[in-house]
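Take a look at the structure set out below.
The values are calculated or read from the model by the stated rules, or taken from the named source; none is laboratory data. Just so it is clear, the model here is predicted, and its values are computed rather than measured. We place every Cβ from the backbone using ideal geometry, glycine too, and count neighbours over all the protein chains shown.
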Amino acid sequence: MKAYIVEKEAILHNLDVLLKKADKTPIWAVLKGNGYGLGVEPMAQLCLLKGIRRFAVTELSEAEVIRRLCHDAHILMLRPVVEEEEMKRLLELDVIATVGSTENAAKLSSMAASMGTVAEVHVKVDTGMGRYGFLPGETEKILDIYRYHDSLAVSGIYTHFHTAFGKSRHTARQAEAFTAVLKAIEGAGIETGTPHCCNSHAFLRFPEWKMEGVRIGSALLGRVRVRAGLRRVGICETTVDEIRWLPAGHTTGYGAAWKAKKPTKIAVIPVGWYHGFTNEFGHDIFRFRDCLRDMVGAAKRMIFGKKIYVSVGGKKCPVLGHVGMLHTVCDVSKVSCSVGDKVTVEINPTQVRGMEISFQ
Ligand SMILES: *Cc1c(COP(=O)(O)O)cnc(C)c1O
């Protein structure tokens, strides 16, 4: 047995905390990556329960799910849509487009005109992320989007922070660059529409930048580096497959990376990197750079005494040797446990594979 358990109550609690902190500032629930791996539909349903009507996604399939659940939701597409078919679908679904270039604006505007509609758009400003958007110096190009496209209705403008979890000066610099763009637009006598820039970390750490909207993804799952009274969501539950004693000198796992110094009681659990365990960055022990990363990781853990743990019957047990594709071995010498006992394994929800995701 293995399943990825998601506590609905914890997500609802997080939504309460975030809504309270946002006060009157609207929250855009970011449900990209299939709702951070947990599923767009159940995540959107929980957000809707708490009165959230704004969503952000990167796929039209995600937008479709949300539109089906809520016909008047505001759905923002976080990337520019360039393919004709996708553009059509975006306009049919009444999804807000992101415009980050003159070319994209022209295409979208002519598509909207040909469909006899007006595309609602948010302008994207690239203050440092280096992906989509106009550079802060390109205010003339930005102003043209507002001025010259009858088939585009700009209702918002935004930027994205690259290091909101890190040193505050990076975020401040980006926020200031963004603010300067807003001032330039206003200076030209044009209304900017709703400005927004904060992701989860920025919102929790620098609420002074919450502007007229915040885009919250990982904080819905309580998976942030700041303590904000949020509950961490998502845990893999499985059971002990086998318990054995290994004699001193015996090893476990590929590469025999762990060797018993004394007789050791081990538990085998049926979850490995295939399921996303210790798999944040992809994993292939036969690929040189993954090997290297494994070695560096192991060295770090040795030097800093950091171990990977799973929890057997509620007790923390260190993982022995390399995590296998489908199995993990852990030390249960000090734990009284038997086959079939419950094990919990920390897995990032965006990495979960090969097991049911169960909302409870
Ligand atoms: C992913 C994303 C967010 C949400 O980020 P979190 O840190 O998970 O809250 C916000 N804005 C944009 C543009 C994103 O791509």
Requested in this report: For the range 76-104, name all the residues that are closer than 21 Å to Asp126 by Cα and hydrophobic (A, V, I, L, M, F, W, C).
Outcome: Leu76, Met77, Leu78, Val81, Val82, Ile96, Ala97, Val99
Query raised in the report: Just checking, which of Lys210, Lys183 is surrounded by 18 or more Cβ atoms within 10 Å (Cβ to Cβ) and of a type in the set (D, E, K, R)?
Result: Lys210
Query raised in the report: Does the range 78-92 contain at least one residue that is over 25 Å from the mean Cα position of the chain (by Cα), free of Cβ contacts under 8 Å to residues at least 24 places away in the same chain and at positive phi?
Result: no
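For every residue, the table says whether it meets (1) hydrophobic (A, V, I, L, M, F, W, C); (2) within 16 Å of the ligand (Cβ to nearest atom); (3) crowded, with 22+ Cβ neighbours inside 10 Å.
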{"residue": "His71", "(1), (2), (3)": "no, no, no"}
{"residue": "Leu90", "(1), (2), (3)": "yes, no, yes"}
{"residue": "Val118", "(1), (2), (3)": "yes, no, no"}
{"residue": "Leu135", "(1), (2), (3)": "yes, no, no"}
{"residue": "Asp150", "(1), (2), (3)": "no, no, no"}
{"residue": "Thr171", "(1), (2), (3)": "no, yes, yes"}
{"residue": "Gln174", "(1), (2), (3)": "no, yes, yes"}
**Report entry** Options Glu62, Glu41, Glu83; residue that is touching a helix residue (DSSP H, G or I) at 6+ places or on another chain (Cβ under 6 Å), acidic (Asp, Glu), closer than 30 Å to Leu135 by Cα and assigned by TED's automatic domain parsing to the domain that holds Phe203
**Finding:** Glu62
Requested in this report: State all residues of the range 1-44 that are polar (S, T, N, Q) and surrounded by fewer than 17 Cβ atoms within 10 Å (Cβ to Cβ); if no residue qualifies, say none.
Outcome: Thr25
Requested in this report: Among residues belonging to the range 209-249 that are among the hydrophobic types (A, V, I, L, M, F, W, C), within 29 Å of Asp331 (Cβ to Cβ) and in contact with a helix residue (DSSP H, G or I) (Cβ under 9 Å, 6 or more places away or on another chain), point out the one that is farthest from the ligand (Cβ to nearest atom).
Outcome: Cys236
Query raised in the report: Within the range 234-241, can one find any residue that is part of a loop (DSSP other than H, G, I, E, B), surrounded by 20 or more Cβ atoms within 10 Å (Cβ to Cβ) and touching a strand residue (DSSP E or B) at 6+ places or on another chain (Cβ under 9 Å)?
Result: yes
Report task. Give the residues of the range 242-273 that are in a helix (DSSP H, G or I) and modelled with pLDDT of 95 or more, sorted by residue number. Result -> none
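Quick grid of which residues meet (1) within 16 Å of the ligand (Cβ to nearest atom); (2) within 22 Å of Met77 (Cα to Cα); (3) within 27 Å of the chain's Cα centre (by Cα); (4) not aliphatic (A, V, I, L, M):
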site: Gly156; (1), (2), (3), (4): yes, yes, yes, yes
site: His160; (1), (2), (3), (4): yes, yes, yes, yes
site: Ala164; (1), (2), (3), (4): yes, yes, yes, no
site: Glu186; (1), (2), (3), (4): no, no, no, yes
site: Asn199; (1), (2), (3), (4): yes, yes, yes, yes
site: Ala202; (1), (2), (3), (4): yes, yes, yes, no
site: Pro207; (1), (2), (3), (4): yes, no, yes, yes
**Report entry** Number of the condition not met by Thr25 [criteria: (1) polar (S, T, N, Q); (2) within 20 Å of Ser358 (Cα to Cα); (3) within 15 Å of the ligand (Cβ to nearest atom)]
**Finding:** (2)
